[in-house]
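Inspection log for the structure reproduced underneath, given as structure tokens.
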Amino acid sequence: NEKNISNQEKFEKKMLSQPAVFIPVNRLPEIQEARLKLPVLAEEQVIMEAVRENPFIVICGETGSGKTTQVPQFLYEAGYASGSGIIGITEPRRVAAVSMSQRVAKEMNLSTRVVSYQIRYEGNVTGNTKIKFMTDGVLLKEIQKDFLLQRYSVIIIDEAHERSVYTDILIGLLSRIVPLRNKKGLPMKLLVMSATLRVEDFTENTKLFRTPPLVIKVEARQFPVSIHFNKRTPMDDYTGEVFQKTCKIHRMLPPGGILVFLTGQAEVNNLCRQLRQAFPLRRGNTTNGEDEDADTSEAMRTFKKTKQKKTVSLPRIDLDNYSALPVDEGDEDRDAGIGDEEYGGSDLEFGDDPASTEVKADPSIPLYVLPLYSLLDPEQQAKVFRPPPPGARLCVVATNVAETSLTIPGIKYVVDCGRVKKRFYDRVTGVSSFKISWTSQASANQRAGRAGRTEPGHCYRLYSSAVFGDFSLFSEAEITRRPVEDLVLQMKDLNIDKVVNFPFPTSPSTEALVAAEQLLVSLGALKEPLRTGSLKQMELARLSCPITPLGRAMASFPVAPRYAKMLALGQQQDCLPYVIAVVAAMTVREIFEDLDRTAASEDESVKLAQRRARLNQMRRLWAGQGASLLLGDLMVMLGAVGACEFAGCTPKFCEENGLRYKAMVEIRRLRGQLTNAVNSVCPEVGVFVDPKMAPPTEHQVVCLRQIVLAGLGDHLARRAQAEDILDQKWKMAYRTPLLDDPVFIHPHSALFKTLPEFLVYQEIMETTKMYMRGVSAVEAEWIPELLPQYCHFGSPLESPSPWFSLSTGTIKCHCSSTFFRIAWPLPAVEK
Ligand code: ADP
Ligand code: MG
């Protein structure tokens, strides 16, 4: 249709795409001075010219070169937010969206009403917002409401190298949205920003961009970093090795901050404790990074007093004797970091380290130790940006958060354990586990690079160069490693029926897509595929089921499909406020504080024991009796939410009862958000959520259990039967249709001792055993009614052994007059 557009229109279009305006920004002189030092400033003109000429741009640059904080400012000054559209920036991590919006507002001397953020639970976006930072999931939701994203003139996808699932999908969608917008005369730009050079998945993927996007490389002023490999690779006690090396650096080497990479929160806290013990706090000297609250000495006094009283005889309750169990930590950290920079320096062993022959440092210099991980509260996190106390050496012990999202100033030494903690999913069984594995070469190079930002630095790799040679070059995209039913549902809602054909930067496997469509069909979100025609046609039909009205309602809820199904069923028997509370609690990661962690100090260990005892007491109270008890862990969550709200959701209540305050606040917000979502989907329901709710009646609890069963139907488990129990490993165990191995109720669970015949679980986590988390008991006779899609109805004669037969992958049970078998993942046959 290009020919029908008049020259005048063409001219107007061109003008629109070339904002000639310059919007002045009134920065403080010290800010202006600091930003002039950032490498990205040198490229401003190149970047802005490229943006004017091209719809798709990729900007690569070393972490800390100023991409996130500066590029939105360039666009603002060039007028990209002065018309009707605003500038949107997506981040894979919430921490980054919040802290970067605040940083940019500060740099631009603008209020957070103008430079704002939106994450899942909260935001400060106003009608005046011109620059909006958000998580990638938030933008994906907005695309559902307005496919053309008409509010935006530019979208920046930041941290694209992290290859988060939503980021990947956004790039796929925007590769289509941007040309559509330009065709309609509503020009739009897409900028993809990445920490390093590995961008071929975006630029050389012809399915994605028909004309390859322009790549701009920001040359960073990176100082050489000498890499020192270990001679041997410690396999088990790498944390001990990390400790030794950190101490050695602090004792021997000249001033400069130390950044230590470990894999998770527990390791970080342990090392912080060890380092603080090795370089102890001097009284009156507040330099060891611990909280120096006014009550420290008070706590110390109480501790001493309680110690004299021999507090070992704290009230001990039976559920308390599992502290030897490994603690699951959340997957707060993504695998990240792609890059292949060459760093200066040769592969030297630590012994030949030239740095060790430099002037020996004064061993009495205090070490200012700070932890950094994403569940840490924001004030603690912010400490790493501030200079250490005068005369002290900064030592940040971090997880992957410090690899690319946050740049810590003043780091000269990096200690890299070479490992990373990742969530692994078994695509067939749905079992997930956190495993510590080797990181990638790209990631290791990113970590090393953190040492050379302000002067030449050193990176100590606690593994041999041979081991490094065996690392994979890059980390895998997340989309290839996780179930995709939520994404598939979102796409179907965008009328992308053939998800297999979607231009993913890296496509999930067909297997994963089929599993997702099957689950969605069984939840009623997609129409059943045709079972006629050739094999090929049937195969295709299985991968292109259209969405149902129920599916559309489910897609509009900001939770995973299983939980969305529960919300969709929730209005029965006035259960909706409870369903909303339970779903909110289930989707917020870890509402209970990790009380099994190793205490960072002695007084903390006393506090921990007290809180542990209290939490266990509360858990039993919240679990209730009768039907309430059978709702199991979900009742405990509901009880925790209810009790916390009655107490006014205060940090004090959470602290006393072992709840994570941050999680409880999130749950409250999410309850509000889910209530609005339900009301907008079915206004006639008119649900109203009072934060304070009365406990559900026994009758309502029974309904809740059924609603949970309907949502988690594919996560049904049955108590191991007599013939199994002969084998010791099946004692107290459960069977699930997809696994050959026994699974267990987690000792933290409210149903740990109840052992109901049938139950549904939220997920299976593999630690020392396969543990089901979030379990809730169900009655056998509900199964054929609520999950007919999983049942095969037939006469008892057909199956001589009415009980368990795993060889056929089925669960059989006897109920009233019918036998039924539940089989996965086969679809149901005729009743
Ligand atoms: P990139 O996105 O290229 O990794 P950033 O824009 O995040 O780089 O960072 C640019 C600079 O801004 C870095 O030197 C970083 O330390 C600094 N910076 C970022 N956030 C803050 C903050 N909250 N306080 C102080 N300095 C910050
Ligand atoms: Mg950045």
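Points worth noting:
- The residues on offer are G123, G127, and the sole one that is more than 16 Å from ligand 1 (Cβ to nearest atom) and over 30 Å from L489 (Cβ atoms) is G127.
- Against the conditions (1) polar (S, T, N, Q); (2) in a loop (DSSP other than H, G, I, E, B); (3) modelled with pLDDT under 95, Q102 satisfies every one except (2).
- Taken over the stretch 501-548, the criterion of being touching a strand residue (DSSP E or B) at 6+ places or on another chain (Cβ under 8 Å) and buried (at least 18 other Cβ atoms within 10 Å of the Cβ) is satisfied by E517, L520, A525, L526, C545, I547, T548.
- Here E511, E528 are screened, and the one residue that is outside any loop (DSSP other than H, G, I, E, B) and of a type outside the set (F, W, Y) is E511.
- Cross-chain or 6+ apart pairs with Cβ under 8 Å, the stretch 205-231 first and surrounded by 19 or more Cβ atoms within 10 Å (Cβ to Cβ), then in a strand (DSSP E or B) and of a type in the set (D, E, K, R): I227/R461; H228/E349; H228/R461; F229/E349; F229/R461; N230/E349; N230/R461
- Qualifying residue in the stretch 673-692 (condition: surrounded by 22 or more Cβ atoms within 10 Å (Cβ to Cβ) and either under 26 Å from P378 (Cα atoms) or under 28 Å from the mean Cα position of the chain (by Cα) (or both)): yes
- Count of residues meeting criterion [part of a helix (DSSP H, G or I) and over 30 Å from G524 (Cα atoms)] in the stretch 470-494: 1
- Of all the criteria given as (1) touching a residue at least 40 places away in the same chain (Cβ under 8 Å); (2) over 27 Å from S164 (Cβ atoms); (3) assigned to a loop (DSSP other than H, G, I, E, B), the one not satisfied by P390 is (1).
- Across the stretch 771-809, the qualifying residues are those that are part of a loop (DSSP other than H, G, I, E, B) and modelled with pLDDT of 50 or more, and the one among them that is nearest to L523 (Cα to Cα) is L787.
- If you go through the stretch 33-63 and pick out every residue that is touching a residue at least 12 places away in the same chain (Cβ under 8 Å), outside any helix (DSSP H, G or I) and either more than 12 Å from ligand 2 (Cβ to nearest atom) or within 20 Å of I131 (Cα to Cα) (or both), you end up with 6.
- Taken as a whole, the stretch 95-102 holds no residue that is within 11 Å of ligand 2 (Cβ to nearest atom), polar (S, T, N, Q) and in contact with a helix residue (DSSP H, G or I) (Cβ under 6 Å, 6 or more places away or on another chain).
- Residue count for the stretch 433-469 under the criterion of being in a loop (DSSP other than H, G, I, E, B), surrounded by fewer than 20 Cβ atoms within 10 Å (Cβ to Cβ) and not small (G, A, S): the result is 3.
- Just one residue in the set D201, D236 is out of contact with any strand residue (DSSP E or B) (no Cβ under 6 Å at 6 or more places or on another chain), of a type in the set (D, E), more than 16 Å from ligand 1 (Cβ to nearest atom) and in a loop (DSSP other than H, G, I, E, B); that residue is D236.
- Test: residue in the stretch 411-418 that is outside any strand (DSSP E or B), out of contact with any helix residue (DSSP H, G or I) (no Cβ under 6 Å at 6 or more places or on another chain), within 25 Å of T68 (Cβ to Cβ) and away from ligand 1 (no atom under 15 Å from the Cβ): no
- Selection within the stretch 156-193: residues that are more than 19 Å from the chain's Cα centre (by Cα) and either among the acidic types (D, E) or under 19 Å from V95 (Cα atoms) (or both). The member of this set that is nearest to ligand 1 (Cβ to nearest atom) is M193.
- Listed by first and then second residue, the pairs linking a residue in the stretch 90-104 that is in contact (Cβ under 8 Å) with a residue 12 or more places away in the chain and under 9 Å from L406 (Cα atoms) to a residue that is near ligand 2 (Cβ under 10 Å from one of its atoms) and assigned to a helix (DSSP H, G or I), with Cβ atoms under 9 Å apart and 6 or more places separating them unless they lie on different chains, are A96/T68.
- F223 aromatic (F, W, Y) and within 16 Å of ligand 1 (Cβ to nearest atom): yes
- The residue of the stretch 105-140 that is surrounded by the most Cβ atoms within 10 Å (Cβ to Cβ), among those that are outside any loop (DSSP other than H, G, I, E, B) and among the small types (G, A, S), is S116.
- Some residue of the stretch 92-103 being more than 16 Å from ligand 1 (Cβ to nearest atom) and crowded, with 23+ Cβ neighbours inside 10 Å: no
The values are calculated or read from the model by the stated rules, or taken from the named source; none is laboratory data. This structure is a prediction, so every number in the text was calculated from the model and none was measured. No Cβ is skipped: glycine too gets one built from the backbone with ideal geometry, and neighbour counts run over all protein chains shown.
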